[in-house]
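Taking it in order: structure first as structure tokens, then the write-up.
The values are calculated or read from the model by the stated rules, or taken from the named source; none is laboratory data. None of these values were measured; they are calculated from a predicted model. We place every Cβ from the backbone using ideal geometry, glycine too, and count neighbours over all the protein chains shown.
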Amino acid sequence: MTTFTNPVLGGDRPDPAIIRVGDEYWMTYSSFESAPGLLLYRSTDLVNWTFESAALPEPLGSTFAVDIAEHDGRFFIYIPFIPTPWSKLTEPSIFVIHAPSMAGPWSEPIDLGIRGAIDPGHVVGDDGRRYLFVNGIRRIALTDDGLSTIGELEHAYDGWRYPDEWVTEAYALEGPKLLRRGDWFYLLSAVGGTAGPPTGHMVIVARSRSVHGPWENSPHNPVARTRDAGERWWSRGHASILPGPGTESVDGDWWMVSHGYENGFRTLGRQILLEPISWTDDGWPVATADDIGAPQAAPRDAAPQRASSGFDDDFTSLRLGERWAFHAPDPGEAQRLRVDDGLVMRTKGSGPGDTSPLCILTGHHSYEVEVDVELGAGAVEGGLLLFFNNRLFCGMGIDGEKMLSYSGGRRTHWREPAPSARRMRLRIRNEEHIVTSWYLVPGAEWIRHGIRYETSGYHVNTAADLLSLRPAIYAAGDGEVRFRDFRYTPLG
């Protein structure tokens, strides 16, 4: 029997949106302030996923939970953008992109005119018309082409109320995802808040014969919830239920895809989880796994689960999306990069906090990153970080005269006795939150940085931002920095 262990896609990949297309599955997730955004992954078995492309080269704001839909042979991604300091938006706004296939090419974002709403969920109703459900839970009609709206948002569903003594962050009715099975429409929602206590976020379900209601809550709610902080996966929510590989009828295998924080590793962000679903005799979905942190029987004909591996990048090409993404980019941010004997990055800002660093995702508890940094002419600074957001990061950089050390999102008073150099190799090792650094001047020996950091608190409940701690390279000041031979190595 083939088994798998959660997560099926590690690292910070919150609010998964998934669609089955023939014998394949396609998935994306909230990319927030990263560019490229909406990275698309493909699978045939729900367990092993392969990066294919990025649907959103330049986000218009912070990209929250999306939904993927297919209608009349065309594909749609409905996207809520949230205002950011670099965005032109002034309030949450829902857009759509579309393509002839999930592989693209994807259109430019089209404004649907929906304001003050997030978490769109697409459905074709019993009347044959298209609708979007949003947080709240509210509903609005779409035109037949799915590219504009009809009317205004209207209240659709009151939600299911959990007992007041349950320890949650907030009620926060959000994340609607809809499916049709037999004569029923099923509405999955998330309540309890996506951060805060580990027992907060949960998945609830309601059903109706019509998208216009009335909606009946499941007697088995919640379908998924962390009931005890001792469990491996916390804050489970934003779920979709869909038929498994080879299932062509309501009686086949069904699965639920959701997200959750790993116990003790909130720093990794919300990771993608998979678990089996069964249906009661009276037509309600129930989760059947006793412990989704333990190995589980995989979907039929699934390949053995591939282990997440490290990589080396000699920067002979730009692997944006697949490997690297900017944080908090301005329009045209990718123009800062060129390949020339390594990766040459034009500087921006005055330090790590305002420089839009180039980041990678990681799902490992322990890892090591290493890169060669060479400063160009002028007053420039470049370095290697573990970066959460512009207010929370740690690491080191060089400016040609001294080494600059960062912790807790600010430059520290520590003066590392590193030699003056415009080229240096930097290394950071994160061993279950204990961060040790080294530096190497060409022709010399590795020297350990004098300070170690503890980063278990670099997460959402500290920074009030739904991100993760990511290895990153940055270039600040006025000029260019060249990076060569980047290495990411999982440990243990």
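Among the residues of region 408-443, those that are surrounded by fewer than 19 Cβ atoms within 10 Å (Cβ to Cβ) and under 33 Å from the mean Cα position of the chain (by Cα) comprise Gly408, Gly409, Arg410, Arg411, Thr412, Arg429, Glu431, Glu432, His433, Ile434, Thr436, Trp438.
I'd like to check which strands (runs of 3 or more DSSP E) are fully inside region 1-119 and have at least 1 residues that are closer than 22 Å to Gly151 by Cα. Talk me through it step by step, then tell me what you get.
Details: elements: 17-21, 24-28, 37-43, 50-56, 67-71, 74-82, 93-99, 110-115.
Answer list for region 1-119: 67-71, 74-82, 93-99, 110-115.
The residues in region 234-283 that are touching a Phe, Trp or Tyr at 6+ places or on another chain (Cβ under 9 Å) and not in a strand (DSSP E or B) can be counted, and the count is 7. Just wondering, is there one or more residues in region 79-88 that are over 17 Å from the mean Cα position of the chain (by Cα), of a type in the set (D, E, K, R) and more than 30 Å from Asp23 (Cβ to Cβ)? Scanning region 79-88, I find at least one residue that is over 17 Å from the mean Cα position of the chain (by Cα), of a type in the set (D, E, K, R) and more than 30 Å from Asp23 (Cβ to Cβ), so the answer is yes. Being over 21 Å from Ser107 (Cβ atoms) and either out of contact with any Asp or Glu (no Cβ under 9 Å at 6 or more places or on another chain) or surrounded by fewer than 24 Cβ atoms within 10 Å (Cβ to Cβ) (or both) is the filter here, so list the residues in region 19-32 that pass it. Within region 19-32, Arg20, Gly22, Asp23, Glu24, Tyr25 meet the criteria.
Scanning region 190-216 for residues that are assigned to a strand (DSSP E or B) and touching a Lys or Arg at 6+ places or on another chain (Cβ under 8 Å) turns up Met202, Val203, Glu216.
With respect to Ser210, is the statement that it is among the polar types (S, T, N, Q), assigned by TED's automatic domain parsing to the domain that holds Val257 and touching an Asp or Glu at 6+ places or on another chain (Cβ under 6 Å) true? Give the steps one after another, and end with the answer.
Working: among the polar types (S, T, N, Q): yes; assigned by TED's automatic domain parsing to the domain that holds Val257: yes; touching an Asp or Glu at 6+ places or on another chain (Cβ under 6 Å): yes.
So Ser210 fits the description; yes.
Checked against (1) surrounded by fewer than 15 Cβ atoms within 10 Å (Cβ to Cβ); (2) within 23 Å of Leu112 (Cβ to Cβ), Ser189 passes all but a single condition, namely (1).
Collect the residues in region 238-248 that are on the phi < 0 side of the Ramachandran plot and buried (at least 22 other Cβ atoms within 10 Å of the Cβ), keeping them in residue-number order.
Going residue by residue through region 238-248, those that are on the phi < 0 side of the Ramachandran plot are 239-245, 247-248.
Within region 238-248, Ala239, Ser240, Ile241 qualify.
Filtering region 120-155 to residues that are touching a residue at least 12 places away in the same chain (Cβ under 8 Å), assigned to a strand (DSSP E or B) and surrounded by fewer than 13 Cβ atoms within 10 Å (Cβ to Cβ) leaves Glu152, Glu154, His155.
Mind checking which residues of region 402-420 are in contact with a Leu (Cβ under 8 Å, 6 or more places away or on another chain) and part of a strand (DSSP E or B)? Correct list: Tyr406, Arg411. Close contacts from region 219-231, counting a first residue that is assigned by TED's automatic domain parsing to the domain that holds Gly196 and free of Cβ contacts under 8 Å to residues at least 60 places away in the same chain and a second that is aromatic (Phe, Trp, Tyr) and not in a loop (DSSP other than H, G, I, E, B), with Cβ to Cβ under 6 Å and a gap of 6+ residues or different chains, come to Thr226/Trp234. Scanning region 341-348 turns up no residue that is surrounded by 14 or more Cβ atoms within 10 Å (Cβ to Cβ), under 16 Å from Asn390 (Cα atoms) and touching a Cys at 6+ places or on another chain (Cβ under 6 Å).
When you scan region 440-452, do you find a residue that is of a type outside the set (D, E, K, R), outside any loop (DSSP other than H, G, I, E, B), in contact with a Lys or Arg (Cβ under 7 Å, 6 or more places away or on another chain) and not assigned by TED's automatic domain parsing to the domain that holds Ser34, even just one? Break it down into steps so the answer makes sense when it comes.
Here is the first cut: in region 440-452, the residues of a type outside the set (D, E, K, R) are 440-444, 446-447, 449-451.
Narrowing the set further to residues that are outside any loop (DSSP other than H, G, I, E, B) leaves 440, 447.
Retained after the next criterion (residues that are in contact with a Lys or Arg (Cβ under 7 Å, 6 or more places away or on another chain)): 440.
Retained after the next criterion (residues that are not assigned by TED's automatic domain parsing to the domain that holds Ser34): 440.
Yes, region 440-452 contains at least one residue that is of a type outside the set (D, E, K, R), outside any loop (DSSP other than H, G, I, E, B), in contact with a Lys or Arg (Cβ under 7 Å, 6 or more places away or on another chain) and not assigned by TED's automatic domain parsing to the domain that holds Ser34.
Going by what's in this entry, would Asp291 be described as within 24 Å of Met27 (Cβ to Cβ) and not basic (Lys, Arg)? Yes.
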